[in-house]
1. Which of the strands (runs of 3 or more DSSP E) found entirely inside the stretch 136-254 contain at least 2 residues meeting this: in contact (Cβ under 8 Å) with a residue 12 or more places away in the chain and among the aromatic types (Phe, Trp, Tyr)?
2. Are any residues in the stretch 195-231 closer than 20 Å to Val245 by Cα and among the polar types (S, T, N, Q), and if so, which ones?
3. Considering each of Ala225, Ala240 in turn, give the residue that is surrounded by fewer than 19 Cβ atoms within 10 Å (Cβ to Cβ) and of a type in the set (A, V, I, L, M).
4. Look at the stretch 163-182 and say how many of its residues are within 24 Å of Ala152 (Cβ to Cβ) and exposed (fewer than 14 other Cβ atoms within 10 Å of the Cβ).
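All of the numbers you see were taken from the coordinates with simple rules; none came from a lab. Note that the structure is predicted; figures quoted are calculated from it, not measured. Reconstructed Cβ throughout: ideal geometry from the backbone, glycine too, with neighbour counts over all protein chains shown.
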Amino acid sequence: MGSIRSFASAASAAWLKSANKPFIIIATILIIVAIAEAFGRVLGDGTKISILVGLALVTLVVPRIETFSFGSDGVKAALNRIDANNIAATSEMDVNVSQKLEQILREVVAIRQGMGTAAFASDGPGAEDGIALPEPANPDDPQKGRFGGTEASNGRILCATVEPSTLKGSWCTVTLIVRPSRNKSPVTGPVIFYLHDSFSPHRYVVTAAQGEARLVFRAYGAFTAGAIVDGSTLLELDLAESPNVDAPKEWRAR
């Protein structure tokens, strides 16, 4: 339930910081008044209703206007360009929100089925893990040493890609991947990823697709991640030290 509150708080914060919020509020008020006019709740006519709806549309378009000018050809306005960075940022945000929502829904289903919040407790394994993990020994890097200390085991490999985030300047987008070793069978079923416990949630259950399982998230610095695949195979990846992780030097050092 803590992750649900965390997600709601993040959504609320994003709304409060939105530069478009005043325009959306104004447009909403105009639409409400127009509807009231249309149903005779307040005095008015068709012309006023048309004006109100028009003003609402203009209000929604205003934040998207990049240039505005008067000339012999009349009024000219150009909307903001949708460039590759905007598309990348939208895609990155969609993946993050989708995976977070999926994990939250898993928690809700588990609670409704009577498993209780203990199945998803931040300091222990969930019911789907099928294995008891040792208690964290390193408070600064809690997953360190809990998953056997190896990136490859039983024909499975835990690896990662790290790229600068399009949403947060000094942060990076990390993609953890559990895939089969060469000539081994594809990864199937649920794979459980463990992140640093400063993440909420820090435990994700991802169903493998196309022979591998992926978890995408943003992080300010490196840490050790763990994974459980095939019900009992443990994998551990140190994002700061592994030679198989290509990441910015300053990010690794944080």
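1. 190-194
2. Thr224, the sole residue that qualifies.
3. Result: Ala240 is the single residue among Ala225, Ala240 that is surrounded by fewer than 19 Cβ atoms within 10 Å (Cβ to Cβ) and of a type in the set (A, V, I, L, M).
4. Result for the stretch 163-182: 2.
Conditions (1) of a type in the set (Gly, Ala, Ser); (2) within 17 Å of Ser153 (Cα to Cα), marked per residue:
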site	(1), (2)
Phe193	no, yes
Asp197	no, no
Tyr204	no, no
Gly211	yes, yes
Asp230	no, yes
Leu235	no, yes
